[in-house]
Amino acid sequence: MARAARVEYAGAVDPVLDRGDRREPIFQDDADRRRFLETLGEVCQRTGWRVHADVLMTKHDHFLLETPEANLVAGMRWFQTT
C-alpha cells in the first residue's frame, strides 16, 4: 500500500527521516557526511528551508525542517536524487 500524501503548507515544521535501501549504510565515512551536509545546505539555499536540528547516523539521518514555502516534497525529490 502506498504512503499517504504529505500535507504541505507554508511555515510547516516537519521531522524528516531518510534511510538507505534495505537499511544499508548511507554514510561510509566523514567525507560522506560532509558532502551530505553540503548538499543539505544547497537545497536550503534553493528552497528557503531552515534546518533546526539534524542527526546523521550510519544507516539513516533525521532532521527537523521549517519550510517557509509549501515545497517539502519538491525539495526532497531534488535532495534525494542529487
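Key figures
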item	result
Region 1-59: trypsin sites (Lys or Arg not before Pro) falling in loop per DSSP and having at most 16 other Cβ within 10 Å	3, 6, 59
Computed [θ] at 222 nm, helices only, for the chain once each DSSP H run of length n ≥ 4 contributes -39500 (n - 2.57)	-11000 deg cm²/dmol
Karplus-derived HN-Hα couplings along region 63-80 (A = 6.51, B = -1.76, C = 1.60, θ = phi - 60°), whole Hz, x at Gly and Pro	8, 10, 10, 10, 10, x, 10, 7, 9, 5, 5, 5, x, 5, 4, 5, 4, 6
Environment charge of residue 48, counting only residues whose C-beta is closer than 10 Å and scoring Lys/Arg +1, Asp/Glu -1	0
Stretchable slack from residue 50 to residue 29, in nm (0.36 nm times residue separation minus alpha-carbon distance)	5.0 nm
Debye log10 I(q)/I(0) for region 12-81, one point scatterer per Cα, at q = 0.23 Å⁻¹	-1.07
Cα centroid separation - region 13-61 against region 64-82, whole Å	12
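Readers should treat all values here as calculations from the given coordinates under stated rules, not as data from a laboratory. All figures in this text were calculated on a predicted structure; none of them were measured in a lab. Cβ atoms come from the backbone with ideal geometry, glycine included; neighbour counts cover every protein chain shown.
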